[in-house]
């Protein structure tokens, strides 16, 4: 399976943590590194954190590491987005409906208009929810209409660089890539898979499976997925009846024997309704989108243990963090050491080098201090230095960027360039 992004990112090797399977990446290029202090962001290369226990990672509570941009100011962009993806240089913001796909050049200033370009995707007649990258192509995941694909070797704003395929169905929410196959998550339980080595528009390149074929679910609901190097985990978005799914990528996609299910209610009755997942090299974290019984509980699975064993799972009750932003999260992301959840005003960050159950392992940042409408952002994608938070519809157009670490380095995770949504 693919474990890096084709060497397009010229970042330093990740130093990692005790529980993170992080190692050297291709550092032959130097393309993706961003100079310290770029566009007014706090200079992290001054050595001030050299003796800090965080190492090269920055303090989430410090406002100087945060910056914002009203993406509506670049023109041709809707006010809300539903996910993002990264191709090693460019960051793509996916419109919640049809409309303008915004692309940001991470080698240029965040707040500089010339760093951004927009492609109007309305001609495809699709609406989108999530995106992913396969090493060459960017895929926009259709919540309605056709799958839309951009070939990153062509001009971004040229129609000839874009294509679509309507034979996979629609009603998807999120995608994940395993090194060869792109998986689209069906909100109603029908999963689609595309062989990226085959012709995009050929029906034979695609396959589907309905999870109702092997799980006793009358009304399944799923939202987002993550890949751990062998297995794809599909998060349940249902409040009560949809089990967590796991697919073994070494087995037949269309066979029910390749899929496992696990009822999270066996771990904790509050574990219902999730909006995607994140992976840190060892643990899979599910992202709770709403609370049950007034509580938001984050579950974590140890991928080195049995999937269906309750003992393989642990939980953290976010009520221990003491602020109102325990109302669910729209997504999560990982920067090589920290897992970010949220935000619903507050972004909560967990240090993977510390105890999962200890509140002191967690820290928070109130995004409304950046502006009154800066909330309900979706964690987008980490580019090796910066973590981008995407403004979700209908909550405005303010994108947020956190200077997470310096020097830059990408986590050496399998297919890291897929969508975190």
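The values are calculated or read from the model by the stated rules, or taken from the named source; none is laboratory data. Keep in mind that this is a model prediction, so the values were computed, not measured. Here Cβ is always computed from backbone atoms with ideal geometry, including for glycine, and neighbour counts include all displayed protein chains.
Of all residues being over 26 Å from residue 88 (Cβ atoms) and at pLDDT 90 or above in the range 367-385, which is surrounded by the most Cβ atoms within 10 Å (Cβ to Cβ)? Just the residue, please.
370
Please specify each residue of the range 361-385 satisfying the condition of being more than 14 Å from the chain's Cα centre (by Cα), farther than 12 Å from residue 341 by Cα and in a strand (DSSP E or B).
Selection gives 366 alone.
Among (1) under 23 Å from residue 321 (Cβ atoms); (2) surrounded by 24 or more Cβ atoms within 10 Å (Cβ to Cβ); (3) touching a strand residue (DSSP E or B) at 6+ places or on another chain (Cβ under 6 Å), where does residue 336 come up short?
(3) is the only condition that residue 336 fails.
What single numbered condition from (1) modelled with pLDDT under 85; (2) not in a strand (DSSP E or B) fails to hold for residue 353?
Status for residue 353: all satisfied but (1).
Within the range 148-173, track down each residue that is surrounded by 15 or more Cβ atoms within 10 Å (Cβ to Cβ), in contact (Cβ under 8 Å) with a residue 40 or more places away in the chain and closer than 18 Å to residue 99 by Cα.
149, 150, 156, 162, 164, 165, 170, 172, 173
Farther than 27 Å from residue 230 by Cβ, at pLDDT below 95 and surrounded by fewer than 24 Cβ atoms within 10 Å (Cβ to Cβ) - does that describe any residue in the range 132-144?
Yes, because at least one residue in the range 132-144 is farther than 27 Å from residue 230 by Cβ, at pLDDT below 95 and surrounded by fewer than 24 Cβ atoms within 10 Å (Cβ to Cβ).
Pick out the one residue from 154, 98, 83, 88 that is within 23 Å of residue 188 (Cβ to Cβ) and either part of a loop (DSSP other than H, G, I, E, B) or at pLDDT 95 or above (or both).
Of 154, 98, 83, 88, the one residue that is within 23 Å of residue 188 (Cβ to Cβ) and either part of a loop (DSSP other than H, G, I, E, B) or at pLDDT 95 or above (or both) is 98.
Does residue 342 qualify as being crowded, with 20+ Cβ neighbours inside 10 Å and either outside any loop (DSSP other than H, G, I, E, B) or modelled with pLDDT under 90 (or both)? If you could, list the steps in order and put the result at the bottom.
On the way: crowded, with 20+ Cβ neighbours inside 10 Å: yes; either outside any loop (DSSP other than H, G, I, E, B) or modelled with pLDDT under 90 (or both): yes.
Considered against the rule, which asks whether it is crowded, with 20+ Cβ neighbours inside 10 Å and either outside any loop (DSSP other than H, G, I, E, B) or modelled with pLDDT under 90 (or both), residue 342 comes out as yes.
Could you list all residues from the range 227-259 that are modelled with pLDDT of 90 or more, surrounded by fewer than 16 Cβ atoms within 10 Å (Cβ to Cβ), out of contact with any strand residue (DSSP E or B) (no Cβ under 8 Å at 6 or more places or on another chain) and not in a helix (DSSP H, G or I)?
250, 251, 252, 255
Go through (1) surrounded by fewer than 16 Cβ atoms within 10 Å (Cβ to Cβ); (2) more than 25 Å from the chain's Cα centre (by Cα); (3) at pLDDT below 95; (4) in a loop (DSSP other than H, G, I, E, B) for residue 215 and report which single condition fails.
(1)
Return the total of residues in the range 174-209 being closer than 25 Å to residue 279 by Cα, in contact (Cβ under 8 Å) with a residue 24 or more places away in the chain and not in a loop (DSSP other than H, G, I, E, B).
Total meeting the criteria: 16.
If I filter the range 101-121 down to residues being assigned to a helix (DSSP H, G or I) and at pLDDT 90 or above, which single residue comes out as surrounded by the most Cβ atoms within 10 Å (Cβ to Cβ)?
The residue in question is 115.
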